[in-house]
Amino acid sequence: MIVRQNVRMGKEADSARTARVVSLLEDSVRTELQVTNDGLELGLSDVAIERLMEGVTSGLLYAFEVDWSPNWVKPGQVHAWKEDGEFFARCSRCLLDSPAADSRASAEAWARQHETLH
């Protein structure tokens with residue numbers, strides 16, 4: 001993986017949170033490219049998708065101040081999801097993901113408890 005420069009006026013990432021924001025942005029761009037590739041049957045290889053993701057992400061980080069701010073999470077709630085039968089939640093301050101949990105409530109409880117550590 002190519003190491004990204006930060007993103008705020010070309011300075012190096014100064015926190016783990018900033019690095020996590022970059023990682024989440026890369027993942028989001030990669031997912032959109034994969035969905036588009038599959039939906040439009042473009043036939044792009046995984047390597048091509050990765051290179052496109054790197055270019056798009058670098059361009060966004062160079063030109064814009066980016067932060068993780070999902071508009072689907074209501075105030076007072078945490079971002080939680082189910083993946084491969086397990087539940088996860090994300091601390092909205094440091095963006096650390098919870099360990100896998102058996103229920104959404106358990107994952108959300110972890111995230112809320114973790115937020116109190118900040």
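The values are calculated or read from the model by the stated rules, or taken from the named source; none is laboratory data. These numbers come from a predicted model, not from an experiment. Here the Cβ is made from the backbone with ideal geometry for all residues, glycine too, and neighbour counts use every protein chain on show. Just so you know, the surface numbers come from the protein's heavy atoms only, side chains and all, with ligands and any DNA or RNA stripped out. Shrake-Rupley method; radii C 1.70, N 1.55, O 1.52, S 1.80 Å.
A few notes on this one:
- Test for Val35: is it touching a helix residue (DSSP H, G or I) at 6+ places or on another chain (Cβ under 7 Å) and either farther than 16 Å from Leu95 by Cα or surrounded by fewer than 16 Cβ atoms within 10 Å (Cβ to Cβ) (or both): no
- Of the set (1) assigned to a loop (DSSP other than H, G, I, E, B); (2) open to solvent by less than 50 Å² (accessible area, probe 1.4 Å); (3) in contact with a Leu (Cβ under 8 Å, 6 or more places away or on another chain), all apply to Leu44 but (2).
- Close pairs from the stretch 19-34: first in a helix (DSSP H, G or I), partner not aliphatic (A, V, I, L, M), Cβ under 7 Å, at least 6 apart: Val21/Asp67; Val21/Trp68; Val22/Arg4; Leu24/Trp68; Leu25/Thr57; Glu26/Thr57; Val29/Thr57
- Summed over the stretch 106-118, residues that are without any contact (Cβ under 8 Å) to a residue 24 or more places away in the chain and open to solvent by 70 Å² or more (accessible area, probe 1.4 Å) total 4.
- Residue-level check: of (1) at pLDDT 95 or above; (2) under 24 Å from Ser15 (Cβ atoms); (3) not hydroxyl-bearing (Ser, Thr, Tyr), Gly43 misses just (2).
- Failed criterion for Gly59 (all others in (1) among the small types (Gly, Ala, Ser); (2) open to solvent by less than 50 Å² (accessible area, probe 1.4 Å); (3) in a loop (DSSP other than H, G, I, E, B) hold): (3)
- Arg51 being more than 28 Å from Asn37 (Cα to Cα), of a type in the set (Lys, Arg) and open to solvent by 50 Å² or more (accessible area, probe 1.4 Å): no
- Residue match in the stretch 65-76 (condition: under 18 Å from the mean Cα position of the chain (by Cα), small (Gly, Ala, Ser), surrounded by fewer than 10 Cβ atoms within 10 Å (Cβ to Cβ) and modelled with pLDDT under 95): yes
- Ser92, sole failed condition from (1) at pLDDT below 95; (2) open to solvent by less than 50 Å² (accessible area, probe 1.4 Å): (2)
- Glu65 vs. criteria in contact (Cβ under 8 Å) with a residue 12 or more places away in the chain, acidic (Asp, Glu) and assigned to a helix (DSSP H, G or I): no
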